[in-house]
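To keep things clear, I will list the structure first and then write my remarks on it.
The values are calculated or read from the model by the stated rules, or taken from the named source; none is laboratory data. Only a predicted model underlies this, so the values are computations on that prediction, with no experimental measurement involved. Backbone-built Cβ (ideal geometry, glycine too); neighbour counts: all protein chains shown.
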Ligand SMILES: [Zn+2]
Ligand SMILES: [Zn+2]
């Protein structure tokens, strides 16, 4: 089987379950451990965990209800997911009390150092530096309440650099956000990206077909396959709104707000009267 790594972990069948477990744990506290993830995924019962912690089971794998290959995949997915969510981690020594002091608890039969470490990691949320990599921009722009913006009745047209793809929007933008998140930056190759949200109804490609790329479970991005110009994105769960790169429009529209300024480059100064949000725009 292919090894789970940062490039492919989201495609692993176990990814949604690991994700769900992590989200549930983080709803209650700021840290996640593999043990808690195994508990949430029903790979470890409460009594089995107690047995291990009390030294009644010689090592954790003995009482985990999943084969070793699956366990190591969960550990890899958890690690990749936590790192991409901007969590930090440290090794937490697990021990149990004995008459002669504290004894280290073992996780594996083999005693493999890397695996022992993987089991002993604690992943910590960095509350002060929210991470757009896993956040709003991948579900937004496009979701949330329509921003009150004057919508002149006119067609908006635009297209890519080489002219192979052209589009038209028949109803004015609902909202225009300038996103500083790392995902948008990367997708477009620019320090920030201004997106105009149009109702998908009335938006059409009038020439050519862009290539689609699902950059995360929540978001699809489209670009010209000939010249690479980034054109749109839309949230998988909200296909009624399509966000268009204002820089690809024939007549770029004015921006309403900055979002994800917590992630912006240091040299970018956000000022003036325009609204700005450290993360995505509040719902
Ligand atoms: Zn973004
Ligand atoms: Zn093009």
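Per-structure values
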item	result
Some residue of the stretch 93-112 being within 28 Å of residue 177 (Cα to Cα) and modelled with pLDDT of 90 or more	no
Residue within the stretch 156-168 that is within 13 Å of ligand 1 (Cβ to nearest atom), in contact with a helix residue (DSSP H, G or I) (Cβ under 9 Å, 6 or more places away or on another chain) and not in a loop (DSSP other than H, G, I, E, B) present	no
Only listed residue being away from ligand 1 (no atom under 12 Å from the Cβ), in contact with a helix residue (DSSP H, G or I) (Cβ under 7 Å, 6 or more places away or on another chain) and over 21 Å from residue 150 (Cβ atoms), chosen from 278, 183, 221	278
Close pairs (8 angstrom Cβ cut-off, 6 or more residues apart or separate chains): free of Cβ contacts under 8 Å to residues at least 12 places away in the same chain in the stretch 22-42, outside any loop (DSSP other than H, G, I, E, B) anywhere	39/46; 39/49
Qualifying residue in the stretch 123-132 (condition: at pLDDT 65 or above, more than 16 Å from ligand 2 (Cβ to nearest atom) and not in a strand (DSSP E or B))	yes
Residues satisfying the stated conditions in the stretch 47-69, i.e. exposed (fewer than 15 other Cβ atoms within 10 Å of the Cβ) and closer than 28 Å to residue 6 by Cβ	65, 67, 68, 69
Number of the exception - residue 235 against (1) in contact with a strand residue (DSSP E or B) (Cβ under 8 Å, 6 or more places away or on another chain); (2) at pLDDT 90 or above	(2)
From 137, 181, residue being at pLDDT 90 or above and either within 16 Å of ligand 2 (Cβ to nearest atom) or in contact with a strand residue (DSSP E or B) (Cβ under 8 Å, 6 or more places away or on another chain) (or both)	181
Residue in the stretch 93-105 that is within 30 Å of residue 214 (Cα to Cα) and not assigned by TED's automatic domain parsing to the domain that holds residue 218 present	no
Criterion (within 16 Å of ligand 2 (Cβ to nearest atom), in contact (Cβ under 8 Å) with a residue 40 or more places away in the chain and surrounded by 21 or more Cβ atoms within 10 Å (Cβ to Cβ)) met by exactly one of 193, 176, 165	165
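Per-residue answers, yes or no, for (1) within 26 Å of residue 183 (Cα to Cα); (2) touching a strand residue (DSSP E or B) at 6+ places or on another chain (Cβ under 9 Å):
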{"position": "23", "(1), (2)": "yes, no"}
{"position": "41", "(1), (2)": "no, no"}
{"position": "114", "(1), (2)": "no, no"}
{"position": "118", "(1), (2)": "no, no"}
{"position": "121", "(1), (2)": "no, yes"}
